[in-house]
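One structure is given below, encoded as structure tokens.
The values are calculated or read from the model by the stated rules, or taken from the named source; none is laboratory data. Note that the structure is a prediction, hence the values are computed from the model and not measured. Note that we place each Cβ from the backbone using ideal geometry, even for glycine, and neighbour counts take in every protein chain shown.
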Amino acid sequence: MTRSAPIAGGPRDILRLALPALPVLAAEPLFLLVDTAVVGRLGGLPLASLAVAAVLFAQVTTQLTFLSYGTTARAARFYGAGRRSAAVAEGVQATWLALGVGLLVVVLGQLAAAPLAGLLAGDPVIAEGAVSWLRIALLGAPLVLVTLAGNGWMRGVQDTRRPMWIVIGGNLLSALLCPLLVHGAGDWE
């Protein structure tokens, strides 16, 4: 009986990669938590509008997670085979794809915002507010999708720390700017 080679990546390697990946996975709920806390101070109607818009926007990002997970798998395959330049090229291709899909999401989302918010909200006043929130959020779709692709690529090349710091920085910036943009940008009620 022959002994097989030890599996590369023991528990320490798994923890080294997994622990920094946790904040990246928690990023979107944390962004929504800040938004909810800030908008909640405006009252029930704006909060209901935000909830409808957030659900619709989350559906977009959820349906496009292939940009992250597909990129991780392909980049990891190249990286593991010692083909670093191919792994980098995978990240570049995923970024371009994310930008293209993101721009398409902006255009189609602007067109579909009112009918979709109307279907989900039920109340025309809530739907109207949701359309405003959603149209603003959709402008960030290309960058959200680039972030998904970038996180996938970085995981594929076994760098989970850099995306963690980017997400922490983004959440801190959001926590600082959200109150200013919502409460300091005029009457949102």
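Here is how the numbers come out for the structure above:
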| item | result |
| --- | --- |
| Residue check for Gly70: in contact (Cβ under 8 Å) with a residue 24 or more places away in the chain, over 30 Å from Leu176 (Cα atoms), part of a helix (DSSP H, G or I) and not aromatic (Phe, Trp, Tyr) | yes |
| Thr71, sole failed condition from (1) under 15 Å from Thr147 (Cβ atoms); (2) modelled with pLDDT of 95 or more | (2) |
| Residue identified as polar (S, T, N, Q) and within 23 Å of Leu176 (Cα to Cα) among Ser85, Ser49 | Ser49 |
| Selected residue [within 25 Å of Leu22 (Cα to Cα) and either touching a residue at least 60 places away in the same chain (Cβ under 8 Å) or buried (at least 22 other Cβ atoms within 10 Å of the Cβ) (or both)] from Ala121, Ala87, Ala127 | Ala87 |
| Output for the stretch 87-112, where each listed residue is farther than 25 Å from Asn151 by Cα and either touching a Ser or Thr at 6+ places or on another chain (Cβ under 9 Å) or not in a helix (DSSP H, G or I) (or both) | none |
| The stretch 98-117: number of residues that are touching a Pro at 6+ places or on another chain (Cβ under 7 Å) and within 15 Å of Val55 (Cα to Cα) | 0 |
| Qualifying positions in the stretch 27-62 - without any contact (Cβ under 8 Å) to a residue 12 or more places away in the chain, closer than 19 Å to Leu172 by Cβ and among the hydrophobic types (A, V, I, L, M, F, W, C) | Leu33, Ala37 |
| Every pair of residues 6+ apart whose Cβ atoms lie under 7 Å, when the first sits in the stretch 132-144 and is free of Cβ contacts under 8 Å to residues at least 40 places away in the same chain while the second is surrounded by fewer than 20 Cβ atoms within 10 Å (Cβ to Cβ) and part of a helix (DSSP H, G or I) | Arg135/Gln110; Leu139/Val106 |
| Conditions (1) modelled with pLDDT under 95; (2) buried (at least 22 other Cβ atoms within 10 Å of the Cβ); (3) within 14 Å of the chain's Cα centre (by Cα); number of the one not met by Leu134 | (3) |
| Selected residue (criterion: nearest to Ala98 (Cα to Cα)) from residues of the stretch 38-72 that are among the small types (Gly, Ala, Ser) and surrounded by 13 or more Cβ atoms within 10 Å (Cβ to Cβ) | Ser68 |
